[in-house]
Amino acid sequence: MCGILAVLGCSDDSLAKRVRVLELSRRLKHRGPDWSGLHQHGDCFLSHQRLAIVDPASGDQPLFNEDKSIVVTVNGEIYNHEDLRKHLSNHKFRTGSDCEVITHLYEEYGENFVDMLDGVFTFVLLDTRDNSFMVARDAIGVNSLYIGWGLDGSIWISSELKGLNDECEHFESFPPGHLYSSKQAGLRQWYNPPWFSEVVPSTPYDPLALRHAFERAVIKRLMTDVPFGVLLSGGLDSSLVASITARHLARTKAARQWGAQLHSFCVGLEGSPDLKAAKEVADYLGTVHHEFHFTVQDGIDAIEEVIYHVETYDVTTIRASTPMFLMARKIKSLGVKMVISGEGSDEIFGGYLYFHKAPNKEELHRETCRKIKALHQYDCLRANKSSFAWGLEARVPFLDKEFINIAMDIDPQYKMIKREEGRIEKWVLRKAFDDEEHPYLPKHILYRQKEQFSDGVGYSWIDGLKAHTAQHVTEKMMVNAARIFPHNTPTTKEAYHYRTIFERFFPQNSARLSVPGGASVACSTAKAIEWDASWSNNLDPSGRAALGVHLSAYDRQVSSVSPGIPAIINNVPLNMEVNHPGVAIRS
């Protein structure tokens, strides 16, 4: 993994331009502190900041084909590179890098090879024979990437906004699952699975098929030549990742190099739900567990750095990025360079608590499709940038291409939450790993209620953020918010505070347009708010905003009730029972 920056067709091959590209590339050095490389061919520049995970000794970039006519700079991991090398036996490889296959695949198949790559990646490939180039981003957008256009006709590519925002007249997020071809002078979609069209599937649920697909997704991500660990919050997703890793680690090359004892990491406020649950899972799995504590003030002090690195003003992303940013620094200080994490499961399986209100399987499926398509703007962006701020790579097996295709082909009726049948959120995933003979996890962990990361690290974290921003943003400032910020106008003091910091770092209009907006409750899309009329009065991305669902939902008083909306006492609608393993709340 690394940071890449490319300037293509800039009509300037001077030494001054080369120096400027090097200067901008250094803005990405946090992503790759192990090596810096720059290749110039005429008025095209390909630079690279490397974080060495696979083949640290010889895999420095840019990478070349045999006669150096094809040049590529890559940020990624190609998990099937060994199989691809077997099909490229007529080529001579210079390094052991998993990414070198890209140069030779291009020689064999032209621009039509991207779907052959099993992994996560962003890359820029330059063909010096005709000065053409192509750019591609992985299917879901796990790795961040931006494209910009200069007034001189140049095209800029960067892993982060800060690599190009001062040089381009316009820039935007490079769309996931797409490639840019200079030969065609435009973008085209290379990843177009059946679920992308949002057609409702009808394949019966096969728990073993789902289990085996996810195990394969985790195992392939154990490809590493450096020390690694797992992020463990104690929730379902990270606990399954840790459990599978612990089961299979001993048989891997990584275990032979670094030992078969798995290290796990967790962050939270003192007494937070995640710390307690993670410790229990770690003890059950026998991992070497590292528990990091932070205070609300620690988080508040880091907010400006977080916004600079994560490059967003989205409230829920900043809330969740801050603890991860603090944890990543601690993990890197221990000599660990890669972690495996649990992002993506909630989008695939309808795991957010607002999915309790999905009116039917069709709506649930369409919402999961919308959520996966938007991941590159939210959870992928958070996981990628908050960890890479300290040169730490986060791998996400739930976003494996094969696994997504299997999981999204399940008839969504099996993903519907039906309390009366004991089916809570993500039941299909929980059931797939509910093995009585060889249990993956304790039952109460396997069936623990969903906690969003920004909630699970400690409920007082979000409450503290709101209190802090309320002291810095006045009512008068909020009255003028629409005039100051006409695009994605902040509607809360917390959002206003983040926006002012973001605009200070990234003042360009293209920067503010790169951040998504719209109403949300408990991380829903704007469309899903229509599922419950009461949500429009309680718009907050925290899971605790899912009134009547979250067991520690925001306190609300009984108030006047609109027709058709149930009255709420302590966040539980009157005459409604909430079922959860070991918990029953009845009004």
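The values are calculated or read from the model by the stated rules, or taken from the named source; none is laboratory data. Since we're looking at a predicted model, the values are computed, not measured. Note that we place each Cβ from the backbone using ideal geometry, even for glycine, and neighbour counts take in every protein chain shown. We work out accessible area using only protein heavy atoms, side chains counted, and drop any ligands, DNA or RNA first. Shrake-Rupley method; radii C 1.70, N 1.55, O 1.52, S 1.80 Å.
Regarding Lys337, is this residue open to solvent by 10 Å² or more (accessible area, probe 1.4 Å) and farther than 27 Å from Ser520 by Cα? The answer is yes for Lys337. If you go through the stretch 257-296 and keep only what is part of a helix (DSSP H, G or I) and free of Cβ contacts under 8 Å to residues at least 12 places away in the same chain, you end up with just Asp283. Scan the stretch 51-84 for residues that are touching a residue at least 40 places away in the same chain (Cβ under 8 Å), open to solvent by 10 Å² or more (accessible area, probe 1.4 Å) and either in a strand (DSSP E or B) or among the β-branched types (Val, Ile, Thr) (or both) and the total you get is 1.
When Thr203 is tested against (1) open to solvent by 40 Å² or more (accessible area, probe 1.4 Å); (2) closer than 30 Å to Asp127 by Cβ, exactly one condition is not met: (2). Quick check on the stretch 13-22. Is at least one of its residues at pLDDT below 90, farther than 21 Å from Arg382 by Cα and either under 26 Å from the mean Cα position of the chain (by Cα) or not in a helix (DSSP H, G or I) (or both)? The answer is yes, given that some residue of the stretch 13-22 is at pLDDT below 90, farther than 21 Å from Arg382 by Cα and either under 26 Å from the mean Cα position of the chain (by Cα) or not in a helix (DSSP H, G or I) (or both). Across the stretch 15-48, what is the number of residues that are open to solvent by less than 50 Å² (accessible area, probe 1.4 Å), among the charged types (D, E, K, R) and in contact with a strand residue (DSSP E or B) (Cβ under 7 Å, 6 or more places away or on another chain)? Number of matching residues: 1.
Name the residue, out of Asp166, Asp115, Asp127, Asp138, that is over 30 Å from Ala213 (Cβ atoms) and either open to solvent by 40 Å² or more (accessible area, probe 1.4 Å) or in contact with a Pro (Cβ under 7 Å, 6 or more places away or on another chain) (or both). Please lay out each step first, then the result.
Numbers: Asp115 fails: over 30 Å from Ala213 (Cβ atoms); Asp127 fails: either open to solvent by 40 Å² or more (accessible area, probe 1.4 Å) or in contact with a Pro (Cβ under 7 Å, 6 or more places away or on another chain) (or both); Asp138 fails: over 30 Å from Ala213 (Cβ atoms).
Answer to the check: Asp166.
Residues that are open to solvent by 30 Å² or more (accessible area, probe 1.4 Å) and part of a helix (DSSP H, G or I) within the stretch 508-530 comprise Asn509, Arg512, Leu513, Lys527, Glu530, listed in sequence order. Within the stretch 266-303, the set of residues being β-branched (Val, Ile, Thr) and either under 22 Å from Ala389 (Cβ atoms) or crowded, with 22+ Cβ neighbours inside 10 Å (or both) comprises Val267, Val281, Thr287, Thr295, Val296, Ile300, Ile303.
A residue that is at pLDDT 95 or above, open to solvent by less than 10 Å² (accessible area, probe 1.4 Å) and more than 26 Å from Gly350 (Cα to Cα) can be found somewhere in the stretch 223-235.
Modelled with pLDDT of 85 or more, out of contact with any Lys or Arg (no Cβ under 8 Å at 6 or more places or on another chain) and among the hydrophobic types (A, V, I, L, M, F, W, C): does that describe Ala567? Considered against the rule, which asks whether it is modelled with pLDDT of 85 or more, out of contact with any Lys or Arg (no Cβ under 8 Å at 6 or more places or on another chain) and among the hydrophobic types (A, V, I, L, M, F, W, C), Ala567 comes out as no.
Against the list (1) in a loop (DSSP other than H, G, I, E, B); (2) within 21 Å of Ala394 (Cα to Cα), the condition Lys162 fails is (1).
Rundown of residues vs (1) under 22 Å from Phe398 (Cα atoms); (2) in contact with a strand residue (DSSP E or B) (Cβ under 6 Å, 6 or more places away or on another chain); (3) small (Gly, Ala, Ser), yes/no style:
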site	(1), (2), (3)
Gly229	yes, yes, yes
Leu249	yes, no, no
Gln257	no, no, no
Cys266	yes, yes, no
Pro273	no, no, no
Glu280	no, no, no
His289	no, yes, no
Gln297	no, no, no
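Within the stretch 312-342, restricting attention to residues that are in a helix (DSSP H, G or I) and of a type in the set (D, E, K, R), which residue is farthest from Met223 (Cα to Cα)? Here the answer is Arg319. Counting only residues that are without any contact (Cβ under 8 Å) to a residue 40 or more places away in the chain and either surrounded by 23 or more Cβ atoms within 10 Å (Cβ to Cβ) or within 17 Å of Ala139 (Cβ to Cβ) (or both), the stretch 85-103 holds 2 of them. Could you pull out the residue among Arg251, Arg216 that is at pLDDT below 95 and of a type in the set (Lys, Arg)? Residue meeting the stated conditions: Arg251. Being of a type outside the set (Phe, Trp, Tyr) and within 26 Å of the chain's Cα centre (by Cα) is true for just one of Glu100, Glu107, Glu111. Which residue is that? Answer to the check: Glu100. Restricting attention to the stretch 418-450, the residues being of a type outside the set (Asp, Glu), surrounded by 14 or more Cβ atoms within 10 Å (Cβ to Cβ) and closer than 19 Å to Pro204 by Cβ number 9.
hydroxyl-bearing (Ser, Thr, Tyr), surrounded by fewer than 15 Cβ atoms within 10 Å (Cβ to Cβ) and over 20 Å from Asp206 (Cα atoms), is that true of Thr474?
Working: hydroxyl-bearing (Ser, Thr, Tyr): yes; surrounded by fewer than 15 Cβ atoms within 10 Å (Cβ to Cβ): yes; over 20 Å from Asp206 (Cα atoms): yes.
Spelling it out, Thr474 is indeed hydroxyl-bearing (Ser, Thr, Tyr), surrounded by fewer than 15 Cβ atoms within 10 Å (Cβ to Cβ) and over 20 Å from Asp206 (Cα atoms).
Candidates are the residues of the stretch 343-363 that are within 20 Å of Asp237 (Cα to Cα), part of a helix (DSSP H, G or I) and not β-branched (Val, Ile, Thr); the one that is most open to solvent (accessible area, probe 1.4 Å) is His356. The residue of the stretch 174-195 that is nearest to the chain's Cα centre (by Cα), among those that are open to solvent by 60 Å² or more (accessible area, probe 1.4 Å) and in contact (Cβ under 8 Å) with a residue 60 or more places away in the chain, is Pro194. Total residues in the stretch 395-417 satisfying the condition of being surrounded by fewer than 24 Cβ atoms within 10 Å (Cβ to Cβ) and closer than 17 Å to Met338 by Cα: the figure is 0. For a quick check of your reading of the model, give me the residue pairs whose first member lies in the stretch 364-388 and is over 20 Å from Val521 (Cβ atoms), whose second is assigned to a helix (DSSP H, G or I) and open to solvent by 20 Å² or more (accessible area, probe 1.4 Å), with beta-carbon atoms closer than 6 Å and at least 6 apart or on different chains. From the stretch 364-388, the pairs are Lys385/His309.
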